[in-house]
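The values are calculated or read from the model by the stated rules, or taken from the named source; none is laboratory data. Please read these numbers as outputs of a predicted model, since none were measured by experiment. FYI the Cβ positions are ideal-geometry reconstructions off the backbone, even for glycines, and counts take in every protein chain you see.
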Amino acid sequence: MLPPKTTARQCIGRPSIAPSAVALAVALLAASPHPARAANECGADGPGNDSLTCSAASYPTGITYTNTNGLTLNLTDPTIAVLGTGTGVSLQTNVGPTAPELVINVTSVDSITSAGTAVLASSGAVGGRVAITIDAGMISSTGASTTAVSAIGGALGANAQVTLNGGQISSAAGSGITASTSGATGTGNATVVVTGGTVQAASMAVGAVIAGPNNTGTARVAMSGGTVLSTASNGLAATTGGRGQVQIEMSGGTVTASSANADSLYASSRSGTYAVDVTGGTVTGGSANGAAIHT
């Protein structure tokens, strides 16, 4: 095991990934309840890539947009409270034009709480971008095997990214933040950027996950600040089941994996290359076979 504090550490190579690592992460995403309803709580979704601001003080049944052809949702009021029995804030499409933009900006809210995924953006369209940015608020998933914040690029080349600048992310029995893409021959990238805030999760705390044996997308996690804690799995994880690159970059912040055999930073690629670069911050692995950095 490496010492808890690591600086200027680089790991580069071409390892073999355990198939169960990607399979488990994708299974957690699939297990999260994603009910299909079109409530349009923040106003009507117009044609093409448009933008809406959610301005009500309370959304007691969540915020849901289904089959959009491109939409940006902005949550900007610090008094907003969103409560969802399935998904808290959900923006999804399986249709629409090529390269739709699905974006959720949580600039300022009081809380988003759900038994399923608290904040979800998911695309099944060809190309485009799925992006979630969290700047403030308490974002919580209370159900079993759920992910608190999830951006899903799908199998047809859409990129998925989650950016955490502030706020508190928690998942009582699942993952904290994930960005994922899939597809046997997919090309979409999965990226998570953490500059501040806190993440606490029972499972993988922060992960960029790509599935598909010939997928060429890049799985990347970059952290420059904030605090990440996993109580039963890995802290930061970047994995691919395909042929693309895996990257973890850490220049600040604190990452802790507190359980036995858990790793603070975990990078793995089935047949591509990986790189781990730690130039600042603190990383602490779990007991037994846990490590600060595992590649």
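If you filter region 182-202 down to residues that are modelled with pLDDT under 95 and polar (S, T, N, Q), you find that the one that is farthest from the chain's Cα centre (by Cα) is Thr185. When residues in region 149-193 are screened for being buried (at least 24 other Cβ atoms within 10 Å of the Cβ), within 25 Å of Gly70 (Cβ to Cβ) and aliphatic (A, V, I, L, M), 11 of them pass.
Go through the residues of region 231-246 one by one and say whether even a single one is of a type in the set (Val, Ile, Thr), without any contact (Cβ under 8 Å) to a residue 60 or more places away in the chain and closer than 30 Å to Ala184 by Cβ. Yes.
Could you please let me know if Gly286 is crowded, with 23+ Cβ neighbours inside 10 Å, touching a helix residue (DSSP H, G or I) at 6+ places or on another chain (Cβ under 8 Å) and touching a residue at least 12 places away in the same chain (Cβ under 8 Å)? No, not satisfied.
Of the strands (runs of 3 or more DSSP E) lying entirely inside region 1-98, the ones with 2 or more residues being modelled with pLDDT under 90 and closer than 25 Å to Val206 by Cβ are found at 9-13.
Against the conditions (1) surrounded by fewer than 24 Cβ atoms within 10 Å (Cβ to Cβ); (2) under 24 Å from Thr61 (Cβ atoms); (3) out of contact with any Ser or Thr (no Cβ under 6 Å at 6 or more places or on another chain), Gly196 satisfies every one except (2).
Taking each residue of region 252-272 that is without any contact (Cβ under 8 Å) to a residue 40 or more places away in the chain and looking for partners that are surrounded by fewer than 24 Cβ atoms within 10 Å (Cβ to Cβ) and among the aliphatic types (A, V, I, L, M) with beta-carbon atoms closer than 6 Å, six or more apart or interchain, yields Thr256/Leu229; Ser259/Ala232; Ala260/Ala288; Asn261/Ala288; Asp263/Ala291; Leu265/Ile293. Screening the candidates Ala237, Ala275 for the property of being out of contact with any helix residue (DSSP H, G or I) (no Cβ under 6 Å at 6 or more places or on another chain) and either surrounded by fewer than 22 Cβ atoms within 10 Å (Cβ to Cβ) or modelled with pLDDT under 95 (or both) yields one hit, Ala275. Taking residues in region 100-126 that are under 18 Å from Thr76 (Cα atoms) and touching a residue at least 24 places away in the same chain (Cβ under 8 Å), and partners anywhere that are charged (D, E, K, R) and surrounded by fewer than 24 Cβ atoms within 10 Å (Cβ to Cβ), the pairs with Cβ atoms closer than 8 Å and at least 6 places apart or on different chains are Leu102/Arg129; Val103/Arg129; Asn105/Asp135; Val106/Asp135; Thr107/Asp135; Ser108/Asp77; Ser108/Asp135; Val109/Asp77.
Among the numbered criteria (1) crowded, with 24+ Cβ neighbours inside 10 Å; (2) hydrophobic (A, V, I, L, M, F, W, C); (3) modelled with pLDDT under 95, which single criterion is violated by Val106? All conditions are met except number (3).
Scanning region 73-121 for residues that are charged (D, E, K, R) and farther than 13 Å from Thr53 by Cα gives Glu101, Asp110. Of all residues in region 114-128, exactly one satisfies the criterion of being surrounded by fewer than 19 Cβ atoms within 10 Å (Cβ to Cβ), at negative phi and not hydrophobic (A, V, I, L, M, F, W, C), namely Gly124. Those strands (runs of 3 or more DSSP E) of region 228-268 that lie entirely within it include none in which at least 2 residues are among the acidic types (Asp, Glu) and closer than 16 Å to Ala202 by Cβ.
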